[in-house]
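Take a look at the structure below.
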Amino acid sequence: MKFDTPATTNPIDQLKVIGKPTNRIEGPLKTTGTATYAYEHKNFAETQAYGYVVGSAIAKGKIASMNLDEARAAPGVLAIVTAANAGKLGKGDFNNAKLLGGPDIEHYHQAVALVVAETFEQARAAASLVRVEYTRDKGVYDLSATVDAAGKAPLLYGAPPETAVGDFASAFAAAPVQLDARYSTPDHSHAMMEPHASIATWEGDKLTLWTSNQMIAWSVGDVAKTLGLPKENVRLISPYIGGGFGGKLYVRADAILAALGAKAAKRPVKVALHRALMINNTTHRPATIQRIRLGATRDGKLTAIGHESWSGDIAGVKPEGAVMQTRLLYAGANRMTAMRMTAMNLAEGNDMRAPGEAPGLMALEIAMDEMAEKLGLDPVQFRILNDTQVDPEMPSRPFSQRQLNKCLQMGAERFGWAKRGKPGATRDGKWLVGLGVAAAFRNNLNTNSAARVRLSNAGIVTVETDMTDIGTGSYTIIAQTAAEMMGLPLDKVVVKLGDSAFPVSAGSGGQWGANSSTAGVYAACAKLREAAAQKLGLNPEDATFADGKVKAGRRSFALGDAAKDGELVAEDGIEFGKLAEEAQQSTFGAHFVEVGVDSATGEIRIRRMLAVCAAGRILNPKAARSQVIGGMTMGAGAALMEELAVDKRFGFFVNHDLAGYEVPVHADIPYQEVIFLDETDPSTSPMKAKGVGELGICGVAAAVANAVYNATGARVRNYPVTLDKFIDKLPEMT
Amino acid sequence: MKSFTYERVDTPAAATAAFARTRGARYIAGGTNLLDLMKLEIETPGHLIDISRLALDKIEPTSEGGLRIGAMVRNTDLASDARIRRDYGLVSRALVAGASGQLRNKATMGGNILQRTRCPYFYDTNQPCNKRQPGSGCAAIGGFNRILAVIGASDACIATQPSDVGVALRALDASVETVDVAGKTRAIPYADFYRAPGKTPHLETALTPGELITAVTLPKPVGGTHIYHKVRDRASYAFALISVGAVVQRDGTGRVALGGVAYKPWRIEAAEAELPRGAKAVTAKLLAGAKTTHENAYKLPLVERTLAGVLAQAKG
């Protein structure tokens, strides 16, 4: 189904199932521990062997020698895979560093061997007997030292690294009120609960991988490319995923090494990456240094907006897009953005929840707070004053829908924003209390997505698509979509996901999954409706599908009757046209945060959080709320504690466990409120929906940082906002 | 993890005898730290002697009017004991500030004070660490050391001892009762329990090989207001950046011990004389001679400010 004109009224608009706060259909499986995650498949319990990954002990250099004798002789060892014996390997399109290193080492904990043994314990014990001698080279590990020499970044998903409109330099120089400040955001770990894990089996030259992966079709391609197999010889199965946040967009070492280990051991092999490997072996959100210059008239109109960002990555492949939202968020006639980067030798930087916008807004939305203060304006008003309804770099191009102002206004009202005091002025006992606000912004991305739907004579509709559910609720919104389209209750719909044997979907990433994958199911269901009507001898144009029945005029059939001669199968997908080029599709929100800061110690505790979101039709308010509060929680972590600490001498993330890399615990998170504006966007898809999974994190950290400033009067521009960065600015203790 | 053998013992004498006859043995009680260290091959015992069933799980009065806490008393039971809560609030508060409910259900009194440092370089066997591998060097000095020691450290090691309850035990003048492999018992003042790192940071305590902790004793109650303030980046389930354990009397005198600043809970009795003059005066003496890095220098003002907050809270 082509989607190149805005949606008109369609069966989804009935909102009998869509739009309802529905519990997850797979929830009971997860809460009873019966949803089978990658490492848990029992199909090969009798024959499977275990692989344990050996990570490089250096960040950059070469393997001088490798002695496997002791490890091979260890109890239970079946095989050891290294680059020297694995045969020729390719590199996936989405991989930057190689997944099996050697002799060249590209980053710390890059896999250099997989030890396969009868038991996990034997594999782990033998792994420590793999003797590797390295020759260490000098590497680049300190982003701040790269800034002066950094070059222009390459394209980011087709977007230019630099943009310029008007004459920024002159406008900034002439602006009566100016801000010129530098910010930094650290490297972040996705820190999802489930590790990267895979079980591999071979039948001849056909490989099946039970794995944990957000993007099945991409990853089939990259597994095939890496192992030199035709795509059709690779099957990926990933029905349940214990969190991904971008960390599982791509094939990682667990999958490739499980496949190589299984080949070498001639047994099914399972491999999971332990937490330290998740941090230094896989990808992370790269650190940024950002410079923001804002120029405004005295009455608060932005006349100059400049945003530059520096980041690093292995071989300088992809910048962190921290300036991307600045191209679209606020009005201003003279503007420039620039991304610069340097090849560095830390583990691979790559996408993490709201790549670009998350760290970009961490800086930009502090800058807006600072500028509002310079102007003597309320930061909510300042943002509203600089709203734009068109793409500010291309004013002929409107937003498809933009209700940022309404989010800000409603949030301010609900949160009691008017009670916000001057910096450092509000006390509650020993606590310094502050309020902060930030805008949330994340583009809506659409990706072609297909599905197959089957109708049985019992009136059951089964949906098959390689879409993934990474904890987001895909199962449920897809079931809701099919139920709405086919006029069925939810329990008459079966959803099967995450199998490369199914039609190729959008997958889960970039908050494109919900709208795109349900639109694909919509397309397949539209076809099934047509087929069912025809089978029943009804004119498809006249047929209505409701309450398990198909009706046209006075004729009425049970839906299952259409399959009484055999299962009815329809397959289709949504193919997005150029609507997103004609009008900018984005999601918007406003985050409000209240913090208390211990006036003695500087400990920061969040007291209240509110998000008001405008993100098109909300398919399932319960699942969407969970997405947003999850994002708010992750944003709180980014604001207050999350930082992969870089050892700038040895080139690795030192705090590579969850004791050292702190993420928020329950005690850190207070009551969180989420409000969704009631809106639909017909330009996005027949679902009229947009993504919310990433909007939730966007701007949160800045709202927290701004609240800390309001509480203490101490401005911290380097995340995370920890007490050591402002303890010298706290009031004297008496 | 290296393969190991295992046995369970029923008496302290059986435990020490088992230790004496097996090379490379370690006692295991709750295992909340040792098992992690074994998985990472930071500890590689060839034999584990499970002491968790020893009948050392009672909290009993001593003839001096204090309490004897058996080495196997679980953190949860200790923290919730009515006598502890009434007379030794600092112990209870420090305990519940640490770890999680699940860990406290497993962790024991004896094991708690033997838990090893959280220095991240100690946990990465690719990195030099004099504590883990004597003579290999210290990666933390000059590396990521925001959480590490500011006093009492050496050029070989700047690790901290992470126990929360240790801070309380130090402030309350606890002792550690032991029995050694020869069957000799002794009481080690907790103040003397940890060894300064010097050039041998791998030697951490006064215990001789195989010497088994049987109890921790608390002298009779000292009264006063007991406050434990643990400062951390998140609200729970994190090791202390620094912590202050204080017992403050109505007349403004009292005791103060610190966590997160040294290889042991840090207390200088002479500094306590300054308590009536306030936190600044106390901290100046308590942390005299401190040596900080650019990453952990914040701990000095943080100690002073936290103590000031604690003293203000004690005044009510």
Tell me, yes or no, whether the range A:712-722 has at least one residue that is at positive phi, in a loop (DSSP other than H, G, I, E, B) and open to solvent by less than 20 Å² (accessible area, probe 1.4 Å). no
Those residues of the range A:437-464 which are outside any strand (DSSP E or B) and either closer than 21 Å to A:Leu568 by Cα or hydrophobic (A, V, I, L, M, F, W, C) (or both), in sequence order: A:Leu445, A:Ser456, A:Asn457, A:Ala458, A:Gly459, A:Ile460
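So how many residues does the range A:451-472 have that are surrounded by fewer than 24 Cβ atoms within 10 Å (Cβ to Cβ) and under 30 Å from A:Ala38 (Cα atoms)?
Result for the range A:451-472: 7.
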Going by what's in this entry, would B:Asn105 be described as open to solvent by 10 Å² or more (accessible area, probe 1.4 Å), under 20 Å from B:Ser243 (Cβ atoms), modelled with pLDDT of 95 or more and among the polar types (S, T, N, Q)? no
Picking from A:Glu643, A:Glu662, A:Glu673, which residue would you name as being open to solvent by 10 Å² or more (accessible area, probe 1.4 Å), at the interface with chain B (Cβ under 8 Å from one of its Cβ atoms) and outside any helix (DSSP H, G or I)? A:Glu662
For the range A:300-316, which residues satisfy the criterion of being of a type in the set (Asp, Glu) and in contact (Cβ under 8 Å) with a residue 60 or more places away in the chain? A:Asp313
Inspect all residues belonging to the range B:66-79 and state whether any of them is buried (at least 20 other Cβ atoms within 10 Å of the Cβ), more than 30 Å from B:Arg255 (Cα to Cα), at pLDDT 95 or above and in contact with a Phe, Trp or Tyr (Cβ under 8 Å, 6 or more places away or on another chain). no
Identify the residue in the range A:276-294 that is part of a strand (DSSP E or B) and touching a Ser or Thr at 6+ places or on another chain (Cβ under 6 Å) and, among all such residues, is nearest to the other protein chains (Cβ to nearest Cβ). A:His284
Restricting the range B:222-263 to residues that are within 11 Å of chain A (Cβ to nearest Cβ) and assigned to a strand (DSSP E or B), which is nearest to B:Arg118 (Cα to Cα)? B:Ile242
Let me confirm something: among A:Arg442, A:Arg397, A:Arg383, A:Arg420, which residue is touching a residue at least 40 places away in the same chain (Cβ under 8 Å) and closer than 22 Å to A:Ala164 by Cβ? A:Arg397
It is to be established whether one or more residues within the range B:170-191 are acidic (Asp, Glu), closer than 23 Å to A:Val654 by Cβ and more than 14 Å from chain A (Cβ to nearest Cβ). no
State all residues of the range B:1-41 that are within 14 Å of chain A (Cβ to nearest Cβ), out of contact with any Phe, Trp or Tyr (no Cβ under 7 Å at 6 or more places or on another chain) and either closer than 25 Å to B:Arg104 by Cβ or open to solvent by less than 50 Å² (accessible area, probe 1.4 Å) (or both); if no residue qualifies, say none. B:Met1, B:Tyr6, B:Thr32, B:Asn33, B:Leu35, B:Asp36, B:Leu37, B:Met38, B:Lys39, B:Glu41
Residue match in the range A:60-77 (condition: touching a residue at least 40 places away in the same chain (Cβ under 8 Å), surrounded by 18 or more Cβ atoms within 10 Å (Cβ to Cβ) and under 34 Å from the mean Cα position of the chain (by Cα)): yes
Do we have any residue at all in the range B:227-234 that's modelled with pLDDT of 95 or more, over 17 Å from the mean Cα position of the chain (by Cα) and either open to solvent by 50 Å² or more (accessible area, probe 1.4 Å) or under 17 Å from B:Asp173 (Cβ atoms) (or both)? no
Which condition number does A:Asp69 fail, the rest of (1) acidic (Asp, Glu); (2) farther than 30 Å from A:Ile618 by Cβ; (3) in contact with a Phe, Trp or Tyr (Cβ under 8 Å, 6 or more places away or on another chain) being met? (3)
Out of B:Ala82, B:Ala99, B:Ala55, I need the residue that is surrounded by 19 or more Cβ atoms within 10 Å (Cβ to Cβ) and either within 22 Å of A:Asn655 (Cα to Cα) or more than 19 Å from the chain's Cα centre (by Cα) (or both). Which one? B:Ala99
Would it be correct to say that A:Ala338 is open to solvent by less than 10 Å² (accessible area, probe 1.4 Å) and assigned to a loop (DSSP other than H, G, I, E, B)? no
Within the range A:8-24, residues being part of a loop (DSSP other than H, G, I, E, B) and under 21 Å from A:Ala546 (Cα atoms) number 11
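Residue under question is A:Gly660, and the condition is that it be touching a residue at least 40 places away in the same chain (Cβ under 8 Å) and either touching a Phe, Trp or Tyr at 6+ places or on another chain (Cβ under 6 Å) or of a type outside the set (Asp, Glu) (or both); does it hold?
For A:Gly660, the condition - touching a residue at least 40 places away in the same chain (Cβ under 8 Å) and either touching a Phe, Trp or Tyr at 6+ places or on another chain (Cβ under 6 Å) or of a type outside the set (Asp, Glu) (or both) - is not met.
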So A:Phe653 clears everything in (1) crowded, with 24+ Cβ neighbours inside 10 Å; (2) touching a helix residue (DSSP H, G or I) at 6+ places or on another chain (Cβ under 9 Å); (3) more than 14 Å from chain B (Cβ to nearest Cβ) except one condition, right? Which one? (3)
Any chance you could count how many residues in the range B:279-308 are open to solvent by less than 20 Å² (accessible area, probe 1.4 Å) and within 14 Å of chain A (Cβ to nearest Cβ)? 11
Among the numbered conditions (1) open to solvent by 50 Å² or more (accessible area, probe 1.4 Å); (2) more than 25 Å from A:Phe653 (Cβ to Cβ); (3) in contact with a Ser or Thr (Cβ under 8 Å, 6 or more places away or on another chain), tell me where A:Thr9 comes up short. (3)
Qualifying positions in the range A:209-241 - open to solvent by less than 10 Å² (accessible area, probe 1.4 Å), of a type outside the set (Val, Ile, Thr) and assigned to a helix (DSSP H, G or I): A:Ser219, A:Asp222, A:Ala224
Suppose we filter A:Ala347, A:Ala358 for residues that are modelled with pLDDT of 95 or more, open to solvent by less than 10 Å² (accessible area, probe 1.4 Å) and not in a helix (DSSP H, G or I); which single one remains? A:Ala347
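The values are calculated or read from the model by the stated rules, or taken from the named source; none is laboratory data. Predicted model, so just to flag it, every value in this text is computed and none were measured. Reconstructed Cβ throughout: ideal geometry from the backbone, glycine too, with neighbour counts over all protein chains shown. Keep in mind that these areas ignore ligands, DNA and RNA; they rest on the heavy atoms of the full protein, side chains included. Shrake-Rupley method; radii C 1.70, N 1.55, O 1.52, S 1.80 Å.
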